[in-house]
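See below for the structure under consideration.
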Amino acid sequence: AIILVADCSNKQSFDNIPEWLSEVSKYTEDDIRKILLINKSDIDDDLKQVTESDITKMAKEHDLEILDVSAKTGKNVDEAFLTVTKTLMEKKDKEDELGTTKKIGGRGKNKLFAHKKTKQDACC
């Protein structure tokens, strides 16, 4: 799962989401769950630069789950992390059932944790 955050009072932060998704897709599986947090849900509507229509369109175009959050008040912050945790647990359970559980780090082939051997890694 991946969490992206946009500031509803800053249209540019929202408009950058497709670029971030493109970068994320280089290092993740196609079926990764994507959650977009729209931060500052506590501010007055007249200060918001991102409309509900913008958000709905982005969600449909990029298969995003949307949560309105407020870092200031804590609204839905826990929910965001619980959603990711639930997703990871469900994925692990499914992989365990299929016998396809992947190891992270170590000798695994995870692109984000890849380690090239050097002479220093060699024994003796």
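Numerical summary
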read-out	value
Cβ pairs under 6 Å, 6+ apart, first in region 82-93 and in contact (Cβ under 8 Å) with a residue 12 or more places away in the chain, second of a type in the set (Gly, Ala, Ser)	Val84/Ala1; Thr87/Ala1
Residue in region 37-46 that is out of contact with any Cys (no Cβ under 9 Å at 6 or more places or on another chain), open to solvent by less than 70 Å² (accessible area, probe 1.4 Å) and among the aliphatic types (A, V, I, L, M) present	yes
Subset of region 19-62 (residues that are of a type outside the set (D, E, K, R), closer than 24 Å to Phe81 by Cβ and part of a helix (DSSP H, G or I))	Trp20, Leu21, Val24, Ser25, Ile55, Thr56, Met58, Ala59, His62
Qualifying residue in region 63-76 (condition: of a type outside the set (Asp, Glu) and part of a helix (DSSP H, G or I))	no
Residue in region 68-78 that is under 17 Å from the mean Cα position of the chain (by Cα), free of Cβ contacts under 8 Å to residues at least 24 places away in the same chain, exposed (fewer than 14 other Cβ atoms within 10 Å of the Cβ) and closer than 16 Å to Ile3 by Cβ present	yes
Positions within region 47-58 being open to solvent by 50 Å² or more (accessible area, probe 1.4 Å) and not charged (D, E, K, R), in sequence order	Leu47, Gln49, Thr51, Ser53, Thr56
Among the residues listed as Glu90, Glu61, the single one being modelled with pLDDT of 95 or more and open to solvent by 80 Å² or more (accessible area, probe 1.4 Å)	Glu61
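The values are calculated or read from the model by the stated rules, or taken from the named source; none is laboratory data. What you are looking at is a predicted structure, and each value in this text was computed from that prediction instead of being measured. Cβ: placed from backbone, ideal geometry, glycine included. Neighbour counts: every protein chain shown. The accessibility values were calculated without ligands, DNA or RNA, using every heavy atom of the protein model including side chains. Shrake-Rupley method; radii C 1.70, N 1.55, O 1.52, S 1.80 Å.
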